[in-house]
Each structure stands twice: as C-alpha cells, then as structure tokens.
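A short worksheet on the structure shown next.
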Amino acid sequence: MDHQGQSSGSDSVVLEMDSLLNELKRKLKSLKSSKAQPQEDSFPRIMVAKVGHLRRNVCNSEYDPDHVSIGPYNHPRQLPTQQDKVRSLLTVLSAAEEEEPSMTVEVYLKELACLEDKARRYYANTFDDITSDQFVHMLLLDGCYILSRFASFPAKHTAHAAGATRSSAFAAELEDLAVVRDVFFLAENQIPFFVLEKIGELTVPGGSAHVGKWIADHALELMKAQRYAVAAPAMVPPELTAPENLLHLLHMHLKPQETDALLPTATGKGAADDKPVSSVGRWRTATEYSYAGVNFKSQEMSEKGGVRCILDVKLDSGGGTLEVPRLDIDNETWRLLRNLMELEQRNREAVGSYVTAYCVFMSQLASDKKDVELLSKRGVIVHAHGNDGEVAQHFADLCKGIMFDTSEPKINYLWDIRQKLEKRSRSYPRRWMAWLKRKYFSNPWLAVGLLAAAVGLVCAIVQAVYSVLSYKQGWN
C-alpha cells in the first residue's frame, strides 16, 4: 500500500512538472518569436504601459479617461462615447467614398489586421484576453474617432458636428476639452500613431502625410493655448521623425533649448565647478534661495527667442538671477505633467527625462505656501486655484512615486544650475549681504535711516580724528 501511495504521489509530481515544462516552453517560444521580428521594428519604441501603483496611489483619477476610452488598456470601459465611435466610422467612410466609391469597411479591417501584430508590440501588456477580431475592431473605431475630431476630412457631415446640433455651444466646448484631455494627455489611453496614418491613407489621397500635419498642427495650437510651448519640435535625427502616439507628440514639444550646453561635461563636472558641491540632489525652496540672494525672473516664451517652452530654465551669468518661464496652472496642468512623466519613466532611453527633471525642480522649489506666494509675485507661477497653499500641496505631491536621481548629471539637464545655486546658498558672505539687503533696504525709510546713521558715524570718526590731531599740534 505504501509503495502504491508513493507511486501515485510520484505520478502527480510528474504531471505537474510536465505542465510546468509545457508552460515554460510556450513562454520561451513566445520570447524567441518576439526577438525574431524584422529589423525595421528593432528601434527603441515608445511603449504604452500601465501606470505604476505607487504613482496611481497618489492621484488615481489623473490617469483614467472620463469621456472617451482609447486603446486596449481601457477597452472594457463603457463610456458615453461608444456610440460616437460608430458615427465617427461613418464619417471616415463617407470621406473615403467621396474619393473612392468602392471603399468599404472590409478594406479598413483587412488593412488594420495586417498591422495587428506590430500594434500589439507597442504595449507592455500582451492582452491575451482580447481576440484578434476585437483588437482590430478597437483600433478601427478608436482611430476613426480621433481622426473625426482632429483631422479635416472633406466629409459632408461629421460626428462632431452632429453632436453639436444636439447640445448647446457651451456643452460642446466642454466636450471638446474632455476629448482633448482623454485623447492627448493620458499615458494609458493611446493607440500607435501609424494606425491613424494608415486610416488616413485609406481615406484620402496622401492621407498619411495629411493626418500627420493635421494632428501636429492641432497639438502645437494646444501647447500654445496652454502656454507650455510656442514652437514646433525639430523632428530630425537623432530625434524620432514622427510621434509614436499623441502623448508622445506633446512631449516632443517639451525639450529645452541648447540642451548640450546645459548638461555637464563628459567627466561629470559642472562647467564652472571643479567638483560637485554636494552629493544630495534635492533643490532648495524658493524662499531659501531668496535668503541666499537669488532673484527670480519670469520669462515670456517666443518663437524666435531662447525661451520656447516651460523647460527653458536658465541662470544668468552672474549666478544671481534664476530665469524661469511662466507656468500657467489650471486643473489639467497636473494631469498632463504626471502623464508626461509616466511616458518618460517607461521610455527614458527613447525620450529622455527632461519633463521629469523640470517637475522635480518645480515641486521642490514651490513645496510651501510661502514659496508659491514668492514665485507668484515674481510672475513665475500664475494660477487660478483657491489659495497658494493648495498649489503648494499639488507641487508637493507631483513627483511622489517617481524614480529620478537629481544628482545624476546624465539624466538631469538642470544639474549644473543646481550646483551653482547650491554653491551660492552655502556662501556665508552672500547670505549675510542678502539678509542685510532684505532687512534694511527693502524699506526705503529704513534705508534712509541706515544711510543717515552711516553718515553720522563717519562724521563722528572724522571729528574725533580731527580733535586728536588738533590736540597733538597744540601740545607740540
């Protein structure tokens, strides 16, 4: 009996091992298959991934769509715009039929089916629960919805126009804002840009190029309206020549000018310092820098100037004035910045970490009510929140859960500026002079009194010296 029992237990172990072996073989085969993809797909792609739990726990709502779900991560989410997607498909088909009467929905499905494998590789998840038919169906409806909103197809009727007739102009404007927020701003709510280009190519002659221009123009106007950037990005090597998705398109506008000049030298030292001042990478607050004699100056952006986006932070040649582009803050500012940082967290080698470096800088610079008050007075921050304390709390929470080392010069484009400001902040003569200026020269009457006292002291010293000299001459 014991022998039979041992044999039965051994058989179960063998069965479990066989099951485990088959599962591992399947995974290895899948991995080898993904590595064997054509060379054209081997460049660093912008991966669309789920937002990490640490960042979601801070503010979960900043990453979820409220109006329209796009892409496989939000595929099961039932939002009011599902029927609008079908109307958008009709809009695209109507535009296609005006150019080519034989164009049917079957053609679109077949063409997108050929892109399914490539599109799936742009996501960190495999989505095994979404069938091929469901995935292609999703790409078609989501792509048509985006294009019906942001492309200028020559259709007689658009889904957006039809929706506008059913609601007031004000409601339509609110809907437009909600669509922009969900479609452009959210890291998870994305489909590959080449899907949009393919739909455009099937719809109108030269549609692929037209789609790129239409959406790029819309993105630029959006960045200008929000005062985040005023000029189109330079889409030339080593930059990617085209965006991978709509959030990446916005990210391409946010690159500081003269980046190479801002970075430290290859030896890891600052341009003006022999060695780093401190291994601690935290920025001081605005009030602390002010106590050390650092002035803050708001910079206006210009297409022809050296300030083209909010990331163009500069320190003047004397090291006493920090020039920061004006940041206009509204309720969507935090959402956009968080999702841009999420894009960089997942794709640092492909897109860099400029936005993360900027957000860490601002979150530590303006982490207290007094800091926000100071920066608001200098015009660096403009906000419509209830009070400065609320804005400071938003800044304090902005980078929670973000992995970023400000002490690493290779990823922090503001590293050299922080080194120079830290050196200035540790200078006791500069701190003393700044205290004297703040204590006595901020008030004109105190300044006059101090000047009068200094003049009186000088006169008293001169009189004393004169009296001594007169006494000695008389004695002689």
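Annotations for the structure displayed:
- Each of Met362, Gly352, Leu322 was scored by the projection of its Cα onto the charge dipole of segment 310-364, and the greatest displacement toward the positive side belongs to Gly352; charges sit on the C-beta of Lys, Arg, Asp and Glu.
- Sorted fewest first by neighbouring Cβ atoms within 10 angstrom, Ile146, Ile461, Ile329 come out as Ile461, Ile329, Ile146.
- Note on segment 278-431: percent of Cα-Cα distances in each 5 Å bin, starting at 0 and stopping at the bin with the largest distance, equals 2, 9, 18, 22, 23, 16, 8, 2, 0.
- Residue (of Leu109, Met252, Phe193) at the positive-pole extreme of segment 53-252, dipole from beta-carbon charges: Met252
- Centroid-to-centroid separation of segment 293-314 and segment 327-393 [C-alpha atoms, Å]: 15
- Across segment 312-375, the convex hull enclosing all Cα atoms gives 105 Å³ per residue.
- Compactness check for segment 53-252: Cα Rg over 2.2 N^0.38 Å is 1.01.
- Local net charge near Gln393, Cβ-Cβ under 11 Å (Lys/Arg +1, Asp/Glu -1): -3
Throughout, read-outs are computed from the coordinates displayed, never taken from laboratory work. Not measured: the values here are computed from a predicted model. Positions of Cβ are generated from backbone atoms using ideal geometry, with glycine treated the same way; all protein chains shown enter the neighbour counts.
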